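Here the structure is laid out as structure tokens; the discussion comes afterwards.
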Amino acid sequence: MEDLEALLARQPFFRGMDPRWIAFLAGCARNVRFNAGEYLFHEGDEAIRFLLIRHGRVALETHVPGHGPVTIQTIGADDVVGWSWLFPPYRWIFDARAVELVRAVEFEAACIRQKCDQDPAFGYVMLMRLVPVIVSRLQATRLQLLDVYGVVAGRHAHTRA
Amino acid sequence: MHTLGRDAMVPVPAVVRRVRRQTRDTCTVDLDSPRGQGFSFRPGQFNMVYVFGIGEVPISISGNPQRPVPISHTVRAVGAITTAIRGLRRGDVVGLRGPFGSSWPVEAAEGMDVLIVAGGVGLAPLRPAMLHVLANRERYGRVALLYGARTPHDLLFRRDLERWRGRFDLHVAVTVDAPVLGWNGGVGVVTALIQSAPVDFAECVAWVCGPEVMMRFAVAELLRLRVAAERITLSMERNMKCAVGLCGHCQYGPYLLCREGPVFRYPDVQRWLTIKEV
Ligand SMILES: Cc1cc2nc3c(=O)[nH]c(=O)nc-3n(C[C@H](O)[C@H](O)[C@H](O)COP(=O)(O)OP(=O)(O)OC[C@H]3O[C@@H](n4cnc5c(N)ncnc54)[C@H](O)[C@@H]3O)c2cc1C
Ligand code: FES
């Protein structure tokens, strides 16, 4: 587990975390890889793991009837994929597809959830790291919805779209 | 610097050499230098382009500062004048004044990492800065270009992007808000790309241009990553009339954008950036 521990400690997501917690997390983790086109998980499946991408890009997709898969967002190196494992009903709400070769660290969700329940200090540390990820995705989605590059109606758009 | 004509208020006639379509609503117009006279500009500066009988608009110069002629402008058709510019043909004549305004601090950035963040047509005024950095590549540290557009169809300067992506001494990341079928690139807002740009945030300069909302979010993200506020530079837009600091049309807080801008250090415009319709 030594190698994985060192690797986790280097990830921005875990930077500054107490080595005890990193050692524990390494115990729930393993290195995984996905080839381009391979799915990390599917919508509706049970969210039994989450991933920290080390290399490559993952597309979050949803299937729109008549259109096929539509990419909502792509996520790259050092980012976390998925938080559906944190809250009931623990089901993925999107498909996640590797756009290119993806190397990631996969964490067993039950292992981490259990620890969060047993040890609120650990749970707090994990949430303090995960909530900003969720917030930044929410902010990004809102910005995406604003359609800032569209031609703005009204005299004073003052934007260089 | 070579400016056009003697009187900054009088447009000089310039002949259209070529109009290149960029996207469905954007084109690049190449103009011959008026009467064959010299022309030079600093990256980030703009010209006033006058379509006879219709009107005059400020447009950034999008060409190569090392080879400033023909004089290139990349224009998105949003209203009467820009639509008329898009309709220009080879041999047509427009009126030209310029170059005006402040520029990206390309010399001050020497020795540092450079992070360029562009949204939509905001890539146009950043292209000369990028070309300057590439022409003097050894004078800069790591260089990253992050570019966001609405859809893959709205990406400007595709040939440049492809060429730049092929370089080993450059990081180029492109993202779109809404993909189309077959798009295999990034999806999401350009600000989400900032944190994984391979530059030293503590030691880099960041040049940002795009819609104001996008610039606000980009600045917030840069500050979160500990980029020093005074190393963040933005290009702002306001409607202009005279472009020489006389009419007050382009007022932005205490500044006249045509004279002190359009390129500003973030701390200088920080107060006004979050106020709606300054
Ligand atoms: C310093 C500076 C540099 C500029 N550089 C460029 C450039 O390189 N390329 C370029 O295409 N434009 C650039 N612009 C913006 C350009 O000047 C305006 O788009 C133009 O003045 C619009 O004139 P119009 O008569 O075509 O449209 P108007 O009739 O004035 O406007 C039509 C409609 O479009 C909206 N609108 C106006 N401008 C924009 C805009 N930029 N984006 C979205 N909606 C808008 C208006 O609110 C209105 O609803 C720059 C502006 C400044 C101040
Ligand atoms: S446009 Fe007249 S003062 Fe700036």
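Overview of results
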item: Test result for B:VAL19, aliphatic (A, V, I, L, M) and open to solvent by 20 Å² or more (accessible area, probe 1.4 Å); result: yes
item: Some residue of the range B:102-120 being touching a Phe, Trp or Tyr at 6+ places or on another chain (Cβ under 8 Å), away from chain A (no Cβ under 13 Å) and within 16 Å of ligand 2 (Cβ to nearest atom); result: yes
item: Qualifying positions in the range B:33-42 - assigned to a loop (DSSP other than H, G, I, E, B), open to solvent by 50 Å² or more (accessible area, probe 1.4 Å) and at pLDDT below 95; result: B:GLN37
item: Residue selected from the range B:144-154 under the condition open to solvent by 10 Å² or more (accessible area, probe 1.4 Å) and of a type outside the set (Asp, Glu), by the criterion farthest from the other protein chains (Cβ to nearest Cβ); result: B:HIS153
item: Residue count for the range A:84-101, restricted to those that are crowded, with 16+ Cβ neighbours inside 10 Å and not charged (D, E, K, R); result: 8
item: Among (1) touching a Gly at 6+ places or on another chain (Cβ under 8 Å); (2) modelled with pLDDT of 95 or more - the single one A:VAL105 does not satisfy; result: (1)
item: Any hit, the range B:127-139, residues being under 20 Å from B:ASP169 (Cα atoms), open to solvent by 20 Å² or more (accessible area, probe 1.4 Å), more than 9 Å from ligand 1 (Cβ to nearest atom) and within 14 Å of chain A (Cβ to nearest Cβ); result: yes
item: Qualifying positions in the range A:113-152 - at the interface with chain B (Cβ under 8 Å from one of its Cβ atoms), farther than 20 Å from A:PHE14 by Cβ and hydroxyl-bearing (Ser, Thr, Tyr); result: A:TYR149
item: Any hit, the range B:163-183, residues being open to solvent by less than 60 Å² (accessible area, probe 1.4 Å) and in contact (Cβ under 8 Å) with a residue 40 or more places away in the chain; result: no
item: Members of the range B:224-273 found to be within 14 Å of chain A (Cβ to nearest Cβ) and away from ligand 2 (no atom under 16 Å from the Cβ), listed by number; result: B:ARG224, B:LEU225, B:ARG226, B:LEU234, B:LEU273
item: Qualifying residues in the range B:51-62 (those that are more than 14 Å from chain A (Cβ to nearest Cβ) and open to solvent by 20 Å² or more (accessible area, probe 1.4 Å)) - the one farthest from the chain's Cα centre (by Cα); result: B:GLY53
item: Tally, over the range B:170-187, of residues that are assigned to a loop (DSSP other than H, G, I, E, B) and modelled with pLDDT of 95 or more; result: 1
item: Test for A:LEU40: is it within 14 Å of another protein chain (Cβ to nearest Cβ) and touching a residue at least 12 places away in the same chain (Cβ under 8 Å); result: no
item: Residues of the range B:63-91 satisfying the condition of being more than 17 Å from B:CYS242 (Cα to Cα), near ligand 1 (Cβ under 7 Å from one of its atoms) and away from every other protein chain (no Cβ under 12 Å); result: B:HIS73, B:ALA80
item: Long-range neighbours under 8 Å by Cβ, at least six apart or interchain, first residue on the phi > 0 side of the Ramachandran plot within the range B:230-259, second more than 8 Å from ligand 1 (Cβ to nearest atom) and among the small types (Gly, Ala, Ser); result: B:ALA243/B:ALA8; B:ALA243/B:GLY98
item: Residue ID - nearest to the other protein chains (Cβ to nearest Cβ), chosen from residues in the range A:51-72 that are surrounded by 21 or more Cβ atoms within 10 Å (Cβ to Cβ) and farther than 16 Å from A:LEU7 by Cβ; result: A:THR71
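Each row is one residue, and each column tells you yes or no for (1) within 19 Å of the chain's Cα centre (by Cα); (2) within 13 Å of chain A (Cβ to nearest Cβ); (3) touching a residue at least 12 places away in the same chain (Cβ under 8 Å).
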| site | (1), (2), (3) |
| --- | --- |
| B:THR191 | yes, yes, yes |
| B:GLN195 | no, yes, yes |
| B:ALA202 | no, no, yes |
| B:ALA206 | yes, no, yes |
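The values are calculated or read from the model by the stated rules, or taken from the named source; none is laboratory data. Since the structure is predicted, the reported quantities are computational estimates derived from the model, not experimental observations. Methodologically, a virtual Cβ is constructed for each residue, glycine included, from the backbone with ideal geometry; neighbour enumeration extends over all protein chains shown. Surface areas here come from the heavy atoms of the whole protein model, side chains and all, with no ligands, DNA or RNA. Shrake-Rupley method; radii C 1.70, N 1.55, O 1.52, S 1.80 Å.
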